[in-house]
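Any read-out appearing in this document is the output of simple, stated calculations on the displayed coordinates, not a laboratory observation. None of the values given here were measured: they were computed from a predicted structure. Quick reminder, even Gly has a Cβ in these numbers, built from the backbone with ideal geometry, and neighbours come from all protein chains shown.
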Amino acid sequence: MNPSHILVSGGAGYIGSHAAYALKQAGYEPVVVDNLSTGNAWAASFGAFEQGDIGHCDFVRAVCEKYAPVAAMHFAAFIEVGESVRNPDKYFENNRDKASRFFKTLNGCGVKKVVFSSTAAVYGDTSAVYRSAGGNGPVSELYPTRPINPYGQAKLEAEAYLRMLDSDGLRSIALRYFNVAGAADIEAQIGEAHIPESHLIPRLVLPLIDTPVVLLNALGLQDGFTIYGDDYPTQDGTAIRDYVHVLDLIDAHLRALDYLLNGGETDIFNLGSGAGFSVLEMVAAARKALDRPDFSPAVAPRREGDPAILVASNRKANRILGWRPARGLQDMIRDAAVWHRSALYRDAMLARMGVEAA
Ligand SMILES: NC(=O)c1ccc[n+]([C@@H]2O[C@H](COP(=O)([O-])OP(=O)(O)OC[C@H]3O[C@@H](n4cnc5c(N)ncnc54)[C@H](O)[C@@H]3O)[C@@H](O)[C@H]2O)c1
């Protein structure tokens, strides 16, 4: 039998390219759909690549007619929480309106299985559940959704639109990610390549591995890694987050896809490790993984809108999808460092900034 085509929106981005890579390895034929607004053509190297916008119905229809995908994974979105506060319309337009149009077009084309990248930002500030559980209560899917920024709100509304299509026979899984980090083996030649880079692990790693100064400047890392806030109500005063390796995250997507293709119902799952690490614990982990005992970052005041604690319960994903992350913090930090040290990453980023590689 010919391999099944799976449409991967946002497959030229960080997580979507890892999905296309893993789908190909699992025997599927990925079809990447991406407008390259923040993604990279070099990352869309697994299966077919169709450049275009998920909000353009004619384009999406033509792709569906050409490949007849049996399912879609939807990663395409803007991802900067701070920018969403400054420019909410940009996020509601792309992450809610275009996403909804995309789901509707897929449904009209008979693509009735969709796995959707959602986010822990739909929960908002979850410190209360922590306090009520004596400081140890990870967030389950039953936790109330009260986003505190347009990024989270737009994702929540896109989830609701997708769920509504269930009555028309479209079965979907919304996967709410916590913090995603790491990279595939360097042979795959993909990894995180965001400008600006707001995620904690690349921000920790990049200043410690001889990254060119011009690149550090563009990423907002000219002063090295900074700890924002050491006066949170946590054991060491720094904020606590939950980190998952991108390959474990994608393993959950393949399980969700299998589940849907085998008749599974529409549902929502959190994807996190279930364990929280404070920023100071992350600093200690980076010292160890990168052999930099001298690393001692500066502390600045808290950033507005950063909750004290965000940790997932992954019990439901474990029970229903059989998913459990296999990789730990040291893997995430080391794999991120290998990627960020690579010539491919550095040259591609410098090229995007219009700077010649040395
Ligand atoms: N990175 C994380 O830690 C994290 C955490 C929670 C949720 N997510 C979600 O995961 C998904 C992927 O995140 P990422 O880190 O890979 O981001 P990314 O920016 O690396 O990738 C997003 C991709 O989508 C494409 N895109 C955006 N709008 C598009 C449109 N209208 N039409 C076609 N293509 C479009 C971009 O060009 C890019 O290639 C996003 O939906 C994000 O909300 C990410």
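Here the Karplus curve 6.51 cos²θ - 1.76 cosθ + 1.60, taken at θ = phi - 60°, turns the phi angles of segment 265-272 into couplings of 8, 4, 7, 10, 9, 7, 10, x Hz, with x standing for Gly and Pro.
Put simply, when 266-274, 341-349 are sorted by average Cβ atoms within 10 angstrom per residue, most first, you get 266-274, 341-349. Fewest neighbouring Cβ atoms within 10 Å first, the residues His18, His245 line up as His245, His18. Highest-first packing order for the peptide set 143-150, 69-76 is 69-76, 143-150, based on the mean count of other beta carbon atoms within 10 Å.
Over 27 Å between Cα atoms, which of Lys98/Lys316; Lys112/Lys155; Lys24/Lys66; Lys66/Lys98 qualify? Long pairs (Cα-Cα over 27 Å): Lys98/Lys316. The alpha carbon centroids of segment 65-117 and segment 167-232 are separated by 21 Å. Look at where the Cα atoms of segment 241-290 and of segment 1-50 average out, and the two centres are 20 Å apart. What the Cα atoms of segment 5-352 give is an Rg and a Dmax of 19.3, 58 Å.
Rounded to the nearest Hz, the phi-derived 3J(HN,Hα) couplings of segment 160-169 under the Karplus curve 6.51 cos²θ - 1.76 cosθ + 1.60 (θ = phi - 60°) are 5, 5, 4, 5, 4, 6, 4, 5, 9, x, where x marks glycine and proline. Of the peptides 117-123, 157-163, 59-65, 94-100, the ranking by mean beta-carbon count within 10 Å, highest at the top, reads 117-123, 94-100, 157-163, 59-65. With springs connecting C-alpha atoms under 10 Å apart, model the chain as a Gaussian network and identify which of Gly263, Gly224, Gly16 has the largest mean-square fluctuation. Fluctuation is largest for Gly263. Remark: the Ala68-Asp168 segment gains 34.1 nm on full extension, using 0.36 nm per residue and subtracting the alpha carbon distance. Note on segment 5-352: with charges restricted to the Cβ of Lys and Arg (+1) and Asp and Glu (-1), its dipole about the Cα centre is near 540 debye.
Using the Kirkwood formula on the Cα atoms of segment 41-114, what hydrodynamic radius do you get, in angstrom to one decimal? Hydrodynamic radius (Kirkwood, Cα only) of segment 41-114 equals 13.4 Å.
For segment 207-358, the fraction of C-alpha pairs farther apart than 29 angstrom is 33 percent. Taking only Cα atoms and a 10 Å spring cutoff, compute GNM fluctuations for the chain and point out the largest among Ala19, Ala252, Ala188. With Cα springs under 10 Å in the chain, the top fluctuation among Ala19, Ala252, Ala188 is at Ala188.
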